[in-house]
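**Student:** One structure is given below, represented as C-alpha cells, and several questions about it will come after.
Each reported figure results from applying straightforward, stated rules to the coordinates on display, with no laboratory input. Predicted, not measured: the structure shown is a model, and the values here were computed from it. All Cβ positions, even for glycine, are placed from backbone atoms using ideal geometry, and neighbour counts span all protein chains on display.
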Amino acid sequence: MSKPNDDSLAPYVGRWVALLRGRVVAQGGSPQQALRAAQANRYKEKLEIRFMPVPFNLPPLLKKIMDALPADAEAYLVGGAVRDLLINRRSPDFDFATPSGGISLARKVANALRADFMPLDNERDTGRVILDEDGVYTYLDFATYRGATLEDDLRSRDFTVNALALNLRDLSIHDPLNGASDIRAKIIRACSPTSCADDPARILRAVRQAAAFGFVIDKSTREQMKAAANKIADISVERIRDEIFKMLDGRKAAASLRALDALGALPYIAPELTRMKGVTQSAPHVYDVWAHTLAVMDYLEETLTSLRLSFDPETTGDLFTGLVSLKIGRYRQQFAERFAKPLNPNRSHRSLLMFAALYHDICKPDTRFVEESGRIRFFDHDVKGAEVVAERARAFNLSGGEVERLRVIVYHHMRIHAFANRLERDGQPPSRKAVYRFFREAGEAGADLVLLALADLRGTKGAELTQSTWTAYLDIARILLENLWERPQEIINPPRLLDGDELMSALNLKPGKVVGELLEAIRENQATGKISDKEQALTFAREELAKERSE
C-alpha cells in the first residue's frame, strides 16, 4: 500500500478518513462515520481508517490528568474543554465521559492526584475531582455516557461546538456533528431541532457563548431559541442565575442582554427589567432608561478593561479611556487585588458589579415625574431601587453579603454625581467630612461606586460628554481612591482614641445609644482634623453631652 501524500490530507485535519491504496475515499467525524461513508460504494474493499491529527498544545494540567488515569480506563475529554483546546483557550474545568463507572473512575483519579473527591450525581454515575492549586480550584467531572455509545452522548449535547470528544490515549477527536467546522466558521448551532426545548437553559448558554467567543448563532437555532423562550420559567432559578452571572462576567454583557430581549427571554428571567424599555428621560440623558442601562454596562466593561494590569494605554484611541489611565491608572494593582477576592467563590466580583449596573436605575419607571416645565425627574429611584435589587438578589439565592453589597451600591449610586457636579460648577472638592461619610456609608462598596459612577456618566451623556465634565469626575475618583488606598487612617478609618468602656467611665455614662453616637462623632471629628488625641476626644464628648442635656 502506498503512503498517502501529506498535502492531499491537509483538508482533512481533525477528521477521520477512509483510505484506499493511500487515497482518501471518505471522511467523517468518527471512525464509524468514515467507514460507513466508504462502504456505501466500496463495501468489498479493504479500507484503512485513520485520524488526521490536529496540532494543539496540551495544557500541563491535562497531561497530569492523563498520567493519573488507570491503564485500563477508557475515557474521553468532552464538551467545552475540547472546543477550548481547538481555539487555544484555557478551560476553567474539564468534563470526561466514560462507558461506565464514572464515580469509580473519578475516585481513582482523585487518589492518584491526591485531590478531593465527591459523588456528584449517583443517578447519572458522575463523580467530581477537586484540584486546589494555590487557592485556584479546578473541577474534573467524570460521567458515564448519556446513551449507549460515545456518539449518542455527543449527539445529546447542546451545540455542535461542544459535541466533541478527545481520546486521551491517542489524542484522536470524535466529531459526529462537524463541530470543529462550526468552530472554524464561528457558528453556534444546536445539536438537534429540540435542543432548546429539551433544556431551555441552553438559550442562555447560546447567548453567553456567542458573546464570549465572538461567534454568531445560526438562524435555525435562533428560531428554536425564540420558540422555547417561555420554557425558561420551567428551569430552576439557580441555573438561570448561574448563566446570567457567567454572562455578566464575560465579554459584551450588554449585547447578551440585548439578545435575550430580542429572543423574548427577559420576562422569564427578570420581568422587572422589561419595564425600563421606552421610559424617556430629560437632558442630559441621551437615551431612554433601558438603552442607558445597557450603555452603562458597556462603558463599565470598557473602564474595567482599561484598569487591568495588562492594559497598555498607548493602544487606545479614545480620549476618555486615556484620561482614565492618566488620572487613576496608578491604582491598577489595588483594583486587581480587589477583583480577585469575590464575596462568593461561585460568582466573580466583576459579575456582581455588572449586576448592580443592570439594576442601578431599576425603579425609574416607578418614580418618573414630569414637572410643569416638562423636566422629567425620578425622585428616590436610588432608594427604592436598592430594595428591588435586593429582592431580585434574594430570589436568585445570592449570599447575604452579595445582597447587601448590591443594595448599598444601588442606594448610593448618585453620591459621586453630586461631588462631581459641585466640583465642576463651583470648583469645590468634597470636604474631609464628606469623604469620611461617603466611605462610612458605602463601606466596602466605595471603589465599586467610583467605577459605576464613571460608567453612569458616559452612559448618560454619550457623545455629548465634554472633557471638562469627565475630568471633574476623574478628579473625584482620584480623591476618593487616594484616601481609600493611600492614606485610609487619615480620613476613612482614623485610629480609635478610646473605647466605649473608657468613655462611660470618664463621663459616668450607662450603656446605650448615646455612647455609640459620641464615639462616632469623635471619629468624624478625627477625620476632619479637629481631634487628634484622647484628651481632645474626651473634652469634645463632655461638651457634646452638656449640649444635649441643656436642650
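**Student:** Which percent, to the nearest 5, of DSSP beta bridges fully inside the chain are antiparallel? Walk me through the numbers on the way to the answer.
**Tutor:** Values: 35 of 42 bridges.
Restricted to the chain, the bridges split so that about 85 percent are antiparallel.
**Student:** May I have the convex hull volume per residue, in Å³, for the Cα set of the range 270-485?
**Tutor:** Normalising the Cα hull of the range 270-485 by residue number yields 124 Å³.
**Student:** A further question follows. Between the range 432-507 and the range 255-291, what's the alpha-carbon centroid distance in Å?
**Tutor:** 30
**Student:** A further question follows. Based on Cβ point charges of +1 for Lys and Arg and -1 for Asp and Glu, what charge dipole magnitude is obtained for the range 6-51 about its Cα centre, in debye rounded to the nearest 20?
**Tutor:** Result for the range 6-51 is approximately 220 debye, rounded to the nearest 20.
**Student:** Assign unit charges at the C-beta atoms only (+1 for Lys and Arg, -1 for Asp and Glu), then state the dipole size of the range 270-485 relative to its Cα centre in Debye, rounded to the nearest 20.
**Tutor:** 480
**Student:** I need the shape label for the range 355-434. Rule: rounded when a/c is under 1.5, else prolate if a/b > b/c, else oblate, with a, b, c from the alpha carbon gyration tensor.
**Tutor:** It is oblate, given that a/c is not under 1.5 and a/b is not larger than b/c.
**Student:** Give the peptides 211-223, 365-377, 446-458 in descending order of average Cβ contacts within 10 Å, highest first.
**Tutor:** 446-458, 211-223, 365-377
**Student:** Using packing as a proxy for protection, rank 113-119, 252-258 so that the peptide with the highest average count of other Cβ atoms within 10 Å comes first. List each step's numbers first, then the result.
**Tutor:** Details: 113-119: 14.4, 252-258: 21.4.
Taking the mean over residues of other Cβ atoms within 10 Å, the ranking is 252-258, 113-119.
**Student:** Give, in nm to one decimal, the length gained when the segment between Thr528 and Arg338 is fully stretched (0.36 nm per residue of separation minus the Cα-Cα distance).
**Tutor:** On the way: separation 190, 0.36 × 190 = 68.40 nm, distance 2.71 nm.
Stretched fully, the Thr528-Arg338 segment lengthens by 65.7 nm.
**Student:** Name the residue farthest towards the positive end of the dipole of the chain from the options Ile130, Leu154, Asn508, assuming +1 on Cβ of Lys and Arg, -1 on Cβ of Asp and Glu, about the Cα centre.
**Tutor:** Of the listed residues, the answer is Leu154.
**Student:** Net charge around Ala521, counting only other residues with Cβ within less than 14 Å of its Cβ (Lys, Arg = +1; Asp, Glu = -1)?
**Tutor:** +3
**Student:** Give the Debye-formula value of log10 I(q)/I(0) at each listed q (0.19, 0.28 Å⁻¹), with one equal scatterer per alpha carbon of the range 6-51, two decimals each.
**Tutor:** The computed values of log10 I(q)/I(0) come out as -0.48, -0.98.
**Student:** Also, I was wondering about something else. Given Cβ point charges of +1 (Lys, Arg) and -1 (Asp, Glu) and nothing else, what value in debye, to the nearest 20, does the dipole of the chain about its Cα centre take?
**Tutor:** It works out to roughly 1420 debye.
**Student:** Follow-up question, since we're still on this one. Past the 26 angstrom mark, what percentage of all C-alpha to C-alpha distances in the range 63-194 do you count? Can you show the working numbers first?
**Tutor:** Values: 1751 of 8646 pairs.
Tail of P(r) above 26 Å: 20 percent of Cα pairs.
**Student:** Another question, then. What number, rounded to the nearest 500 deg cm²/dmol, is the helix-based mean residue ellipticity at 222 nm of the chain, given -39500 (n - 2.57) per DSSP H run of at least four residues and division by all its residues? Write down the numbers at each step before the final one.
**Tutor:** Details: 26 runs with 283 residues, N = 551.
Theoretical 222 nm ellipticity from helices: -15500 deg cm²/dmol.
**Student:** If you add up the charges near Pro429, with Lys and Arg at +1 and Asp and Glu at -1, over every other residue whose beta carbon is less than 13 angstrom from its beta carbon, what do you get?
**Tutor:** Working: positive: Arg422, Arg425, Arg432, Lys433, Arg478; negative: Glu424, Asp426, Asp475, Glu482.
Summing Lys/Arg as +1 and Asp/Glu as -1 gives +1.
**Student:** Okay, moving on. Please sort 64-70, 133-139, 356-362 by packing, taking for each peptide the average over its residues of neighbouring beta carbons within 10 angstrom, highest first.
**Tutor:** Working: 64-70: 15.4, 133-139: 10.0, 356-362: 26.4.
Top of the packing list down: 356-362, 64-70, 133-139.
**Student:** To two decimal places, what compactness ratio does the range 454-551 give when its Cα radius of gyration is scaled by 2.2 N^0.38 Å?
**Tutor:** The value comes to 1.58.
**Student:** With 10 Å bins from zero, work out the P(r) of the chain over every alpha carbon pair and list the percent per bin.
**Tutor:** 3, 14, 21, 21, 17, 12, 7, 3, 1, 1, 0, 0
**Student:** Can you tell which of Leu85, Gly102, Ala75 lies farthest toward the positive end of the dipole of the range 55-111, using +1 and -1 charges on the Cβ of basic and acidic side chains (Lys, Arg; Asp, Glu)?
**Tutor:** Farthest towards the positive end: Leu85.
**Student:** In addition: Once phi is turned into θ = phi - 60°, what whole-Hz ³J(HN,Hα) does the Karplus curve with 6.51, -1.76 and 1.60 give for every residue of the range 124-135, x standing for Gly and Pro?
**Tutor:** 9, 6, 10, x, 10, 10, 10, 9, 10, 10, 6, x
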